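Asks: Pasting in a structure now, in structure tokens, and then I'll have a few things to ask.
The values are calculated or read from the model by the stated rules, or taken from the named source; none is laboratory data. Everything numeric here is computed off the predicted structure, so don't read it as measured data. Note: ideal-geometry Cβ built from the backbone for every residue, glycine included; neighbour counts use all protein chains shown. Quick note on the areas: whole protein, heavy atoms, side chains included, nothing else; ligands and nucleic acids left out. Shrake-Rupley method; radii C 1.70, N 1.55, O 1.52, S 1.80 Å.
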Amino acid sequence: MSLAETIQHSGTGLEADFRPRFLSAYQHMVLARVLEEKLGALYRAGGRIVGGVYIGKGQEAFSAALGVQLQKGKDIYGPLIRDQAGRIAYGEPILDAVRTYLGTITGPMRGRDGNIHRGRPQEGLMAMISHLGSMLSVVAGALFARRLAGTLGDAIGATSIGDGGTSTGAFHEALNMAAVEKLPIIISVANNQFAYSTPNSRQYACENLVDRAAGYGVEGVSVDATDLGACLEVFQQAAQRARAGGGPQMIVGKLLRLAGHGEHDDASYIPDTAKKEQCARDCLAVAEQRTLDEGWLDAAEVKELYAEARRKVDQAVSKVSKEPLPDPFKENWQALSSADLVEGQHEA
């Protein structure tokens, strides 16, 4: 049996559902970690990547657990800068990520935008907005528009935000609107303890960040975001409630960002004491240990999973490195975009 077949194979009872979901999410986590390590290396080498590189090290379990609940082309997903694992779980090809970071014309943004603003709106994958909190408005608006058009059905939306982003006005306005309209949306809040360098104690006065959900009349659940199994269960239940008409679902995951805000940041402001707490566990290592303890994969299969991820990433980088960069003199420029960036638009 191949490694892919091992991951998809299911047994009986509870394990028949949980095991393949866990292994699938774990596979997405591994690929995301390997991809971002490669992007970080290219950034540090200089010359290959213009702009910043923002990685989700330590956040992969929380991100992937949400992504696997969504159906590409049906549901709407608005990821944030540390959601590479969720993007992969949703179905984004790693070529889209590599092409955007290396700025080739073959990428979804045709080399025209920042490294993390890519998206495929026709597939339900919204291009990220750097103004934190704004993606909640985008996803909520898209859901509401479908409802008005009578095309929503049982589709749901999901978006991500960090603890600091929950303090922005856009976040509160959109959450209030989503709550009033009872929109089927999941709000994934990664409480990574520091909003860039600002600690939780300077961000909110409530005892727990999830307490904010009650103020808007929405369901709020906290989870250990270093535990993939717990994250999968919480997000699966949230997706079920949202599809059944339960309105917005806020999931707050406690974790510690295991890298700087970006590759330009050494995170020296994070105290050593914080690095010793449970939320500082590497979620990938925790998930890997569970696969071994449960006997779902053995050490050789885990090693092969990483090797396969590295092959995929190296092949993607090699391919994209040969692709052309954009030529501004050959673009069909318009006031706000080029025609090729407007999905669904056809030239006369």
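Asks: So which residues in region 148-162 are on the phi < 0 side of the Ramachandran plot and either among the small types (G, A, S) or buried (at least 22 other Cβ atoms within 10 Å of the Cβ) (or both), if there are any at all?
Replies: Correct list: A149, A155, I156, G157, A158, T159, S160, I161, G162.
Asks: Need pairs with beta-carbon distance below 8 Å; first residue under 21 Å from E263 (Cβ atoms) and part of a loop (DSSP other than H, G, I, E, B) and within region 101-129, second among the aromatic types (F, W, Y) and open to solvent by 30 Å² or more (accessible area, probe 1.4 Å); sequence gap 6+ or separate chains.
Replies: N115/Y54; I116/Y54
Asks: Next question. Looking at (1) over 14 Å from Y26 (Cβ atoms); (2) open to solvent by 80 Å² or more (accessible area, probe 1.4 Å); (3) part of a helix (DSSP H, G or I), which is the one condition that is false for H264?
Replies: Single failed check for H264: (3).
Asks: In this structure, does A97 turn out to be among the aliphatic types (A, V, I, L, M), within 17 Å of S318 (Cα to Cα) and surrounded by 20 or more Cβ atoms within 10 Å (Cβ to Cβ)?
Replies: Judged against the criteria, A97 is a match.
Asks: Tell me which residues, restricted to region 134-157, are touching a helix residue (DSSP H, G or I) at 6+ places or on another chain (Cβ under 6 Å) and under 17 Å from A242 (Cβ atoms).
Replies: Correct list: L136, A140, L152, D154, I156, G157.
Asks: The conditions are (1) more than 22 Å from V252 (Cα to Cα); (2) within 12 Å of the chain's Cα centre (by Cα), and Y77 fails exactly one of them. Which is it?
Replies: (1)
Asks: While we're looking at this one, here's another question. Those residues that are touching a Lys or Arg at 6+ places or on another chain (Cβ under 9 Å) and either modelled with pLDDT of 85 or more or closer than 30 Å to R147 by Cα (or both), I need them from region 260-276; list them, please.
Replies: Correct list: empty.
Asks: Any chance region 235-257 includes a residue that's under 30 Å from G46 (Cα atoms) and either at pLDDT below 95 or open to solvent by 40 Å² or more (accessible area, probe 1.4 Å) (or both)?
Replies: Yes, some residue in region 235-257 is under 30 Å from G46 (Cα atoms) and either at pLDDT below 95 or open to solvent by 40 Å² or more (accessible area, probe 1.4 Å) (or both).
Asks: Inside region 100-142, can you point out the residues that are under 26 Å from A155 (Cα atoms), in contact with a Pro (Cβ under 9 Å, 6 or more places away or on another chain) and open to solvent by 30 Å² or more (accessible area, probe 1.4 Å)?
Replies: R120, M126, A127
Asks: How many residues, within region 54-68, are open to solvent by 10 Å² or more (accessible area, probe 1.4 Å) and more than 10 Å from A25 (Cα to Cα)?
Replies: 4
Asks: Which pairs turn up if I take residues in region 166-195 that are on the phi < 0 side of the Ramachandran plot and look for partners that are of a type in the set (D, E, K, R) and open to solvent by less than 30 Å² (accessible area, probe 1.4 Å) with beta carbon separation below 6 Å, at least 6 apart in sequence or on another chain?
Replies: N191/D163; N192/R257; A195/D163
Asks: Go through (1) at pLDDT below 95; (2) crowded, with 18+ Cβ neighbours inside 10 Å for P199 and report which single condition fails.
Replies: Unmet condition: (2).
Asks: Any residue in region 218-240 that is under 21 Å from D282 (Cα atoms) and part of a strand (DSSP E or B) sitting within a Cβ distance under 8 Å of a residue that is open to solvent by less than 40 Å² (accessible area, probe 1.4 Å) and among the small types (G, A, S)? List the pairs, counting only those 6 or more apart or interchain.
Replies: So the pair list comes out as S222/G253; V223/A230; V223/G253; D224/A230; D224/G253.
Here is a yes/no grid of residues against (1) open to solvent by less than 20 Å² (accessible area, probe 1.4 Å); (2) within 22 Å of the chain's Cα centre (by Cα); (3) modelled with pLDDT of 85 or more; (4) not β-branched (V, I, T):
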site	(1), (2), (3), (4)
E294	no, no, yes, yes
L297	yes, no, yes, yes
K312	no, yes, yes, yes
L325	no, no, yes, yes
P328	no, no, no, yes
